[in-house]
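Report on the following structure.
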Amino acid sequence: MTADSRSEPAPVPRIGAVTAVLGPTNTGKTYLAMDRMLGHASGMIGFPLRLLARENYDRVVRARGAGVVALITGEEKIVPPNPRYYICTVESMPLDREVAFLCVDEIQLAADSDRGHVFTHRLLHARGAVETMFLGAETVKPLIRRLVPGVEFVTRPRFSKLTYTGAKKLTRLPRRSAVVAFSVSEVYGIAELIRRHRGGAAVVMGALSPRTRNAQVALYQSGDVDYMVATDAIGMGLNMDVDHVAFASMSKFDGRAPRPLNASEVAQIAGRAGRHMNDGTFGVTAELPEIEPEIVARVESHEFPPLQSLYWRNSELRFTSLEALLSSLKYPPPSPSLVRPPPADDQLVLEAMTKDAVVRERAVSPARLRLLWDVAQVPDFRKVRPELHSRLMAQVYDHLTHGDEVMPNDWIAGHVDRLNRTDGDIHVLMDRIAAIRTWTYLSHRGDWMPDGREWQEKTREVEDRLSDALHDKLTKQFVDSRTAHLVKRLRGDDLMAADIAADGVVSVDGHRLGHLEGLRFRADRTGLKAADKAVLNAANAALRPLIAARIETILAADDKDISLDDEARIVWQGEAVAVLAGGSEPLRPQIELPPDERIEPADRLKLEARLRAWLSAHIGHLLEPLAKARQDAAPPAVRGILFHLTETLGVVPRAVVEQQLKALSAADRKALARAGVRFGVEHVFMPALLKAAPARLRGQLWIAGHRDTPAPRLPAPGRVSIPLASGVPHDFYHACGYQPVSGAGYRIDMLERFAAAARKLAREKTGVLPPETLSLLGINAATGADVLRAIGFKAKIEDAGLVFRLKRRRAHHPPGKHRRKPQAPTVNEDSPFAKLKQLMSS
């Protein structure tokens with residue numbers, strides 16, 4: 001038959017009414033067909049996708065019961081004894097079963113180069129006894145009118161409006177958006193970007209198993225994430241609440257070469273936006289140029305050029321020989337409205353299998369040729385080259401044509417067990433799922449396996465396990481589950497309750513938010529804007545009542561439960577609730593509560609008053625001599641000395657107040673003595689404030705007044721001398737009761753005793769310092785020399801020991817008169833000091 005002699009095919013005799021219900025997406029065509037089918041005694045609907053068939057099977061089961069509904073797909077068959085309704089994929093429709101109603105969904109796929117010939121066959125040959133219905137797009141209408149005489153058309157307008165909104169950055173897309181890309185790498189990259197900025201995205205690709213795809217859609221539908229990243233698999237078979245579709249690419253690889261999307265393809269994908277009466281929008285990401293105005297106009301108006309032809313392949317194959325079978329697949333179409341598609345995968349696999357000598361040897365009878373064709377039609381879920389897929393199918397055919405003519409259990413088990421593993425990354429799991437789907441399909445092929453039903457269950461179990469693992473890995477990689485959960489909870493009306501562990505860890509519904517230290521919440525930072533914002537918002541919502549309750553507990557707490565820590569923070573039950581800062585004077589520091597908006601203003605005022613009362617009592621108790629002296633009436637000269645002591649927290653160098661001391665009367669000195677003030681050789685101080693607790697408080701008050709510098713470490717209590725830390729001001733050590741001297745600090749009262757003893761010895765003309773004097777400070781002779789020099793002595797180690805004397809001002813002597821050279825002390829070469837000098841000089 002030549003192309004010039006082709007004519008319109010003879011239509012199937014009309015058995016009942018044939019209706020084509022056409023229109024854009026979101027028009028309720030499927031619901032109409034389901035209702036019509038259930039109005040008949042029996043019916044059959046063919047869907048383009050397995051997941052669509054499963055979804056509608058579940059719907060019919062709910063309406064009529066499992067006993068009257070069959071599910072038939074390549075990978076799944078649920079057929080009760082007496083089914084009335086068949087829900088199928090288009091390829092799996094059992095056309096030998098007579099039903100009152102028959103429907104084929106997405107009939108415009110007859111123009112698809114890969115599967116179109118199957119849909120065309122259903123259009124030309126599949127009929128219901130009473131009613132036949134085709135669902136699809138308006139673009140196929142002229143061809144249906146030409147190929148199906150007497151067909152009635154029903155147009156279903158889209159319920160909602162679809163509007164183009166231009167380009168938007170990925171990080172600025174509105175909630176409930178789907179981003180569409182056409183390569184796996186693009187999908188992963190976009191999903192990762194959205195996870196960093198918006199908390200996460202569901203991922204939908206054609207390579208996912210139906211179970212994984214449904215789980216990812218459920219993740220989106222539940223509101224756990226507000227974004228989806230998908231390939232064009234989103235354009236069919238997925239019912240979702242999408243408000244906006246953003247194209248991250250406007251070209252796709254069609255199996256042969258990259259090409260731009262046409263207007264119909266853009267509309268099929270963009271039509272996912274908007275549900276029922278809710279309007280939707282579509283656009284592109286900021287990296288792309290704007291969509292051409294002509295395409296935008298067509299999508300918004302749902303007006304597209306009609307299809308010019310449908311793909312057709314001869315279905316009346318000749319099984320007399322291999323050559324006849326291959327030749328019959330290449331018959332030209334019988335109508336100008338039909339064109340022959342490129343060789344489909346099953347044809348390419350068949351051609352590859354015929355190169356196998358065993359296959360050619362055994363494919364000689366019509367039955368063996370039909371079996372060969374059935375094996376070649378096993379889908380290549382792995383999407384490998386036909387030559388590779390044909391190798392496995394040749395092995396299948398080999399087993400089916402010799403011996404018991406079934407695939408051996410041990411051979412099947414070897415293949416299935418290798419796939420029953422959940423280790424590996426996302427790509428590895430996707431490859432295993434694709435491979436196990438082949439074995440699931442094979443298990444449903446009648447008597448090809450000795451224990452077909454058992455293998456159906458086994459392969460389904462493996463696929464489900466792999467699918468769950470894949471969903472888990474996708475979710476972990478592209479969804480911040482904590483952020484997603486918190487965002488969802490924040491949008492709800494339920495009160496958000498936080499749990500606080502014993503160590504202060506704050507969590508909501510098992511998701512950790514951070515740590516509550518006293519009244520300060522420290523959020524767990526991730527560096528991701530969306531995640532950190534969600535944590536803070538959740539903390540604001542959940543922590544307010546808990547913080548208010550904690551404040552009430554502090555207000556009622558005993559004074560003994562409150563203290564100051566080494567960083568001058570007010571601590572309650574081991575946790576800082578406020579910080580001391582510099583006030584109008586050292587003994588009156590400010591109390592600073594955390595600048596947290598979760599603390600109500602009224603609670604803040606009450607807590608500040610409570611803590612101030614405690615602090616005043618605490619300072620008044622430990623620094624009683626100083627606090628009391630300030631309150632007592634005293635002469636101006638006495639008040640001046642006390643003022644200096646207050647400003648320096650109880651210790652002032654004598655040189656600073658020397659002139660004021662000279663002006664004191666005997667009564668003033670007695671008044672200061674009654675106040676606990678002592679006049680040392682080097683310092684004026686209050687000995688009572690050098691005890692451990694007062695000294696520690698004085699150090700804390702110094703830290704409070706110097707918040708612009710890092711807080712130094714407080715000296716250990718009871719030490720006569722301490723090492724000095726680098727960079728710490730000497731004022732801090734004075735406040736703590738220590739005088740810094742040559743890298744060490746000496747407690748002032750002990751240093752004064754040392755200085756007084758040294759002066760007494762010097763006045764008594766004792767030239768060598770006795771060891772018992774050094775023991776006052778717990779130092780050796782070398783250190784003692786440094787200390788003596790620091791307090792006004794000349795000192796050096798000689799053979800006789802630590803030789804010292806007071807420094808004197810050089811006096812003016814008349815000419816000719818010289819001071820007598822002091823007599824050198826007698827040296828005992830066996831003394832410890834002589835030995836020390838020898839060691840130091842060696």
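The values are calculated or read from the model by the stated rules, or taken from the named source; none is laboratory data. Here the structure is a predicted model, which means the values were calculated and not measured. Positions of Cβ are generated from backbone atoms using ideal geometry, with glycine treated the same way; all protein chains shown enter the neighbour counts. Note: accessible area is taken over every heavy atom of the protein model, side chains too, but ligands, DNA and RNA are not part of it. Shrake-Rupley method; radii C 1.70, N 1.55, O 1.52, S 1.80 Å.
Multiplying the residue separation of residue 454 and residue 222 by 0.36 nm and removing their Cα-Cα distance gives an extension gain of 80.1 nm.
Between the residues 236, 344, 260, the greatest Cα displacement towards the positive end of the dipole of the stretch 218-368, with unit charges on the Cβ of Lys, Arg, Asp and Glu, is found for 344. If you wrap the stretch 714-810 in the convex hull of its Cα atoms and look at it from every side, the mean projected area works out to 6.9 nm².
Using a cut-off of 29 Å between Cα atoms, the listed pairs 77/141; 628/691; 560/606; 606/691; 161/383 include 77/141; 606/691; 161/383 as exceeding that distance. Here r is the Cβ-Cβ distance between residue 95 and residue 447 and R0 is 25 Å; the resulting FRET efficiency, rounded to 0.05, is 0.75. Relative contact order of the stretch 649-737, taken over Cα pairs closer than 8 Å and 6 or more residues apart, is 33 percent. Amide H contacts of residue 242 (H built 1.01 Å from N, in plane; Pro and chain starts excluded): 274 sit under 5 Å, all sequence-distant by 5 or more or on other chains.
In this label model, residue 262 and residue 515 are separated by 6.3 nm, measuring between points 7 Å along each Cα→Cβ vector. With R₀ fixed at 45 Å, the C-beta to C-beta distance from residue 553 to residue 688 puts the FRET efficiency at about 0.80.
Normalising the average separation of contacting C-alpha pairs (under 8 angstrom, six or more residues apart) by the number of residues puts the relative contact order of the stretch 695-770 at 26 percent.
Given 4 °C and 1.567 mPa s, compute D for the stretch 598-748 with the Stokes-Einstein relation, Rh being the Kirkwood radius over Cα pairs; round to the nearest whole µm²/s. Rounded, D is 77 µm²/s. Straight Cα distances below 16 angstrom link residue 662 to the aspartates and glutamates 682, with same-chain residues fewer than 8 positions distant left out.
Between amide H atoms placed 1.01 Å from N, distances below 5 Å from residue 247 occur with 180, 283, 284, 285, all of them 5 or more places distant or on a separate chain. Compute the long axis of helix 452-478 from its Cα atoms, compare it with the longest principal axis of the Cα atoms of the chain, and write down the angle in degrees, 0 to 90, nearest 10. The angle comes out near 40 degrees.
Distance from the alpha carbon centroid of the stretch 93-134 to that of the stretch 662-690 works out to 111 angstrom. In the context of the full protein assembly, residue 92 retains an accessible surface of approximately 30 Å², using a probe radius of 1.4 Å and ignoring ligands and nucleic acids.
Bridges between two residues of the chain, per DSSP, are antiparallel at a rate of about 45%. Exposed loop sites here are GluC sites (Glu not before Pro) assigned a DSSP state other than H, G, I, E or B and surrounded by at most 10 other beta carbons within 10 Å; excluding them, the longest clear run of the chain is 1-286. Listed by chain and number, the aspartates and glutamates placed with their C-alpha closer than 17 angstrom to that of residue 796 are 786, 829; residues fewer than eight positions away on the same chain are left out. Between the C-alpha center of the stretch 48-79 and that of the stretch 550-607 there is a gap of 66 Å.
In this simple spin-label approximation, residue 171 and residue 404 carry label points 7 Å from Cα along the Cα→Cβ vector, and these lie 6.3 nm apart. With R₀ set to 35 Å, the beta-carbon distance separating residue 290 from residue 196 gives a calculated FRET efficiency near 0.85.
In the set (1) 233; (2) 199; (3) 307, the label that goes with volume of the Cα convex hull per residue in Å³ computed for this structure is (3).
The length gained by stretching the chain between residue 565 and residue 340 to full extension, at 0.36 nm per residue less their Cα-Cα distance, is 72.4 nm.
Find the relative contact order for the stretch 353-457 and round it to a whole percent, using C-alpha pairs within less than 8 Å whose residues are 6+ positions apart. Contact order relative to length: 26 percent. Pull up all non-local amide H partners of residue 338: gap of 5 or more, or a different chain, and H-to-H distance under 5 Å with H placed in the peptide plane. Residues meeting the amide H criterion: 310. Treating the angle as unsigned and between 0 and 90°, give the value, to the nearest 10°, between the Cα long axis of helix 832-841 and the longest Cα principal axis of the chain. Roughly 50 degrees, rounded to the nearest 10.
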